[in-house]
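Accompanying notes for the structure given below.
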Amino acid sequence: MIGSDVKSSSQFSQVVLMRIGSIQLESPFCQAGLAGYSDRAMRLVARRRGCSYAVTEALLDTILLSGGLGLKKSIDINDEDHPIAGQLIGSQADTMARAAKILVDHGYDVIDLNFACPVKKIKNAARGGHMLRDVVRGVEILQAVRDAVAPHVPTTVSLRRSFDDTAASAEQFEQLLEAAWGYGYGAVRVHGRTVQQKYQGRAQWEILRKIKQRYPDRVILGSGDVFTAEDAVAMKQQTGVDVVWIARGAIGNPWIFQNARQLLDQQNQTGVTGAAAPLSPPGIHQQRQALCEHFAIAMQIHGEQVAGRRMRKMGIKYARFHPQAVEVKQAFIKIISLRQWNEVLDRYYKVDAAGVWPSPHSSDEVNNEPFSDKLLELEV
Ligand SMILES: Cc1cc2nc3c(=O)[nH]c(=O)nc-3n(C[C@H](O)[C@H](O)[C@H](O)COP(=O)(O)O)c2cc1C
């Protein structure tokens, strides 16, 4: 084995950088909400590798309120899975407020409101990123949710940088931002793309820098185009955001958190950007360990059949670190059972060896995944 990759937080010299309200964060890197990916399995595998804060995928308020199986499937945390933000999406202040209370009652540490998802409107009502065009509704929701949860539970809101590139839209973003601060929100997350852009084009980090400059005493999470540990540290250093939101870059790469912490630590110690010792990609046995943990937890949560489907797309992303990446990816694509999964591990992950860094563009495979469609799927 080329060394264990599971680190305790005390191994990083950088302890306690900040808080979101009453919640202490041990590092400035968090795992994003990612519909269809960021379940407890993905979160725990990441936490064991340096991720100190994670956000659930967007949970529909009406599903939580309807109780039964929808509620049971949506609520899934354990003692190892803290601090965690439960992220809510919905259209009505009243239902969002009641759903927020449900999450708090089930032990979620922070409530994050999703005003960022480019999902379509339902029954003509705004939700997600459409809140940027229905500011009155957005402000009502911000207020109702803040009023509904106990003062010690921080609330945060996730926003796109605007709905589109018009000046009116930029103004609406400002109104929501000011309302969030006014009602006492502990942090705001900004994705540097517009809602119209969905996942196309580049995220504008310069806008993140300007926002942080305007609100130096507020906690800002920055999001968009963070695919490697180097990107995560670069976003932090170039924009000054307090926390970097790692999304597609964390899929199949739970090591990104410890790598980013290590890189930031090294740079803080030397005081020179880019002067850090090079990071090593995870070895084959480190990869095998993460894959096994991930599948085992996914099985507990979803059962073999669903876990198999979810792990297939995860395996494909993990495969990027294998020296025979193309072959391993093909092998994961064919998997339909646990037996086949184990066969792939035995065939490609039995003998330890050095891993490889993925090509910088291999994250593009999930770049255009229709997140909106995944949310619609949740409604049936
Ligand atoms: C497949 C997929 C699912 C997503 N699900 C969510 C979600 O549930 N909640 C959320 O706030 N953002 C969600 N996002 C947006 C990401 O969290 C992130 O803001 C976006 O991908 C930009 O960051 P990146 O360019 O570094 O990936 C999703 C994105 C993708 C690609």
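The values are calculated or read from the model by the stated rules, or taken from the named source; none is laboratory data. As the structure is a prediction and not an experimental result, all values here were calculated from the model. As a convention, Cβ positions derive from the backbone with ideal geometry for all residues, glycine included, and neighbour counts pool all protein chains shown.
Right, Leu34: within 14 Å of the ligand (Cβ to nearest atom) and either assigned to a helix (DSSP H, G or I) or in contact (Cβ under 8 Å) with a residue 60 or more places away in the chain (or both) or not? In short, yes. Being in contact with a strand residue (DSSP E or B) (Cβ under 8 Å, 6 or more places away or on another chain) and more than 27 Å from Arg248 (Cβ to Cβ) is true of Val104. The set of residues in the range 110-135 being touching a helix residue (DSSP H, G or I) at 6+ places or on another chain (Cβ under 6 Å), in a loop (DSSP other than H, G, I, E, B) and surrounded by 19 or more Cβ atoms within 10 Å (Cβ to Cβ) consists of Ala116, Cys117, Pro118, Val119, Ala126. Filter the range 193-213 for residues that are within 12 Å of the ligand (Cβ to nearest atom), surrounded by fewer than 16 Cβ atoms within 10 Å (Cβ to Cβ) and among the charged types (D, E, K, R) and give the result. Residue satisfying the conditions is Arg202 alone.
Would you check if Asp231 is part of a loop (DSSP other than H, G, I, E, B) and either of a type outside the set (A, V, I, L, M) or without any contact (Cβ under 8 Å) to a residue 60 or more places away in the chain (or both)? No: the conditions fail for Asp231. Inside the range 37-74, can you point out the residues that are of a type in the set (Val, Ile, Thr) and away from the ligand (no atom under 12 Å from the Cβ)? Val45, Thr62, Ile63, listed by residue number. Every condition in (1) within 16 Å of the ligand (Cβ to nearest atom); (2) in a helix (DSSP H, G or I) holds for Leu264 except the one numbered (1).
Among the residues making up the range 91-109, a single one is more than 15 Å from Val149 (Cβ to Cβ) and buried (at least 19 other Cβ atoms within 10 Å of the Cβ): Ser91. Can Tyr185 be described as more than 14 Å from the ligand (Cβ to nearest atom) and buried (at least 19 other Cβ atoms within 10 Å of the Cβ)? Yes: the conditions hold for Tyr185. State which residue is nearest to the ligand (Cβ to nearest atom) when the search covers only the range 214-239 and only residues that are surrounded by fewer than 16 Cβ atoms within 10 Å (Cβ to Cβ) and more than 14 Å from Phe29 (Cβ to Cβ). By that ranking, first place goes to Gln238. Could you go through the range 138-146 and let me know if any residue there is assigned by TED's automatic domain parsing to the domain that holds Trp181, closer than 26 Å to Lys212 by Cβ, charged (D, E, K, R) and away from the ligand (no atom under 15 Å from the Cβ). Checked the range 138-146: at least one residue is assigned by TED's automatic domain parsing to the domain that holds Trp181, closer than 26 Å to Lys212 by Cβ, charged (D, E, K, R) and away from the ligand (no atom under 15 Å from the Cβ). Out of curiosity, is Phe173 touching a Cys at 6+ places or on another chain (Cβ under 9 Å), hydrophobic (A, V, I, L, M, F, W, C) and either surrounded by fewer than 19 Cβ atoms within 10 Å (Cβ to Cβ) or in a helix (DSSP H, G or I) (or both)? Considered against the rule, which asks whether it is touching a Cys at 6+ places or on another chain (Cβ under 9 Å), hydrophobic (A, V, I, L, M, F, W, C) and either surrounded by fewer than 19 Cβ atoms within 10 Å (Cβ to Cβ) or in a helix (DSSP H, G or I) (or both), Phe173 comes out as no. Residue pairs whose Cβ atoms lie under 8 Å apart, sitting 6 or more positions apart in sequence or on different chains, and linking a residue in the range 234-246 that is among the charged types (D, E, K, R) to a partner that is in a loop (DSSP other than H, G, I, E, B), are Lys236/Pro28; Asp242/Leu17; Asp242/Pro28.
Do the conditions hold for Ala150, that is, is it in contact (Cβ under 8 Å) with a residue 40 or more places away in the chain and surrounded by fewer than 21 Cβ atoms within 10 Å (Cβ to Cβ)? Considered against the rule, which asks whether it is in contact (Cβ under 8 Å) with a residue 40 or more places away in the chain and surrounded by fewer than 21 Cβ atoms within 10 Å (Cβ to Cβ), Ala150 comes out as yes. Flag set for Gly252, criterion: within 16 Å of the ligand (Cβ to nearest atom) and in a loop (DSSP other than H, G, I, E, B).
Among the residues of the range 298-330, those identified as within 20 Å of Ala354 (Cβ to Cβ), surrounded by 15 or more Cβ atoms within 10 Å (Cβ to Cβ) and touching a Gly at 6+ places or on another chain (Cβ under 9 Å) are Gly315, Lys317, Tyr318, Ala319, Arg320, Phe321, His322, Val328, Lys329. With the structure loaded, tell me whether Ile77 is within 16 Å of the ligand (Cβ to nearest atom), in a helix (DSSP H, G or I) and surrounded by fewer than 22 Cβ atoms within 10 Å (Cβ to Cβ) or whether it fails that test. For Ile77, the condition - within 16 Å of the ligand (Cβ to nearest atom), in a helix (DSSP H, G or I) and surrounded by fewer than 22 Cβ atoms within 10 Å (Cβ to Cβ) - is not met.
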